[in-house]
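Engineer: Pasting in a structure now, in structure tokens, and then I'll have a few things to ask.
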Amino acid sequence: MVSRIKDSLARQIRVPTQGLMGWLTTQILKSKNGVLEKNAVRLSDIQPHHNVLEVGFGPGIGLQHAAKIVKDGPGKVCGVEISTYMLEKASSRLRRPIHDMKMELTFASVENLPFGTDRFDRVYHCNTYYFWPSMQDGLNEIYRVMKPGAFMVTTLNIHSIKAAQSRGLLKYGNPDPVNYMCALELTGFKDVKMEYYREGNQSYQAIFAYLPVKPALPVDELEEEDMQAAASDTSDASSAPNSDLPPKTNPSKS
């Protein structure tokens, strides 16, 4: 019985659904993630003209803080969430900025973001990366929608994560922050670092990832394209009848 309850709660933490366990999970998220959400917004240094994205917004606590910053400027806050229950809760909480067209909440996965390329100045998320089905696919999509010069903030509480792991509540996630930071660097983010903070009696961590410049295509596509171009150039040069290159000579054999 206890194991079934733990398994149900572990599933709800990943994707909350409507019902008693979903309600309980929502209360846990409000209690545990409130400080993380507020400080993710603060550390993102959001300005009124910024376009902002939160990935996995839960009950909408962080969105509420971000909306206050952009409400009098040309910026806008967007959020994606894979839980229809959380989308419903956050939409109810944030009716005003949604009505004022300062916020857009969407049912979508991080692996398939419904936004154009180079859209966002700031991206943040709290305790979500370890639930993504494919961390690399998710980061590739975030990279795509971020503008050059943008940066992303990830807040987490390593102590709480370890406690949840020991209770079997993160069995459907991979919360290793080192793995996440390595994936950020492989994706093309720069100056990836973790910093430690405290608010009151609660400590937490923030992972920063910057995107100072951005190639026209993802790095892997660029490398493939460069190789194809080099192969094409070599082929063209060797077959051109009027090539300016000196004729090839065979090295003498010893």
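The values are calculated or read from the model by the stated rules, or taken from the named source; none is laboratory data. Computed from a predicted model, the values in this text were never measured in an experiment. Cβ coordinates were reconstructed from backbone atoms using ideal geometry, including for glycine residues, and neighbour counts include every protein chain displayed. Keep in mind that these areas ignore ligands, DNA and RNA; they rest on the heavy atoms of the full protein, side chains included. Shrake-Rupley method; radii C 1.70, N 1.55, O 1.52, S 1.80 Å.
Engineer: Considering amide H positions built from the backbone, and no H for Pro or chain starts, which residues 5 or more places from Arg119, or on another chain, come under 5 Å of its amide H?
Structural biologist: Correct list: Met146, Lys147.
Engineer: While we're on this one: Using R₀ = 35 Å, calculate the FRET efficiency as 1/(1 + (r/R₀)^6) where r is the Cβ-Cβ separation of Thr84 and Tyr197; round to 0.05.
Structural biologist: About 0.60, to the nearest 0.05.
Engineer: I want the local charge near Val110. Using Cβ-Cβ distances under 9 Å, sum +1 for each Lys or Arg and -1 for each Asp or Glu among the other residues.
Structural biologist: -3
Engineer: Going by average Cβ neighbours within 10 Å, how do the peptides 116-126, 192-202 rank, with the highest at the top?
Structural biologist: With the highest mean Cβ count within 10 Å placed first, the list reads 116-126, 192-202.
Engineer: A follow-up question, please. So how far apart, in nm, are the two label points at Lys171 and Thr17 if each is 7 Å from Cα heading toward Cβ?
Structural biologist: Computed distance between label sites Lys171 and Thr17 equals 1.6 nm.
Engineer: Could I ask something else about it? Lys190 versus Asp118, label points 7 Å from Cα toward the beta carbon: distance in nm?
Structural biologist: According to this spin-label approximation, the distance is 1.6 nm.
Engineer: Additional query: What relative contact order, as a whole-number percentage, does region 50-202 give when Cα pairs under 8 Å and 6 or more residues apart are counted?
Structural biologist: Once normalised by length, the contact order is 21 percent.
Engineer: Is there a pair in Lys162/Lys190; Lys71/Lys102; Lys68/Lys102; Lys32/Lys102; Lys32/Lys71; Lys147/Lys190 whose C-alpha atoms are over 18 Å apart, and which pairs would that be?
Structural biologist: Lys162/Lys190; Lys32/Lys102; Lys32/Lys71
Engineer: Counting only heavy atoms of the protein chains, get the accessible area per residue of region 137-214 (1.4 Å probe) and round it to a whole Å² value.
Structural biologist: Averaged over the residues of region 137-214, the accessible area is 48 Å².
Engineer: Moving to a separate point now. Roll a 1.4 Å probe over the protein heavy atoms and report the accessible area of Ser109 in Å², nearest 10.
Structural biologist: Roll a 1.4 Å probe over it and Ser109 shows about 40 Å².
Engineer: First select every other residue whose beta carbon is under 12 angstrom from the beta carbon of Asp137; then total the charges, Lys and Arg +1, Asp and Glu -1.
Structural biologist: It works out to a net charge of -1.
Engineer: Within the set of other residues whose C-beta is less than 14 Å from the C-beta of Met194, count the net charge using Lys and Arg as +1 and Asp and Glu as -1.
Structural biologist: Surrounding charge for Met194 is -3.
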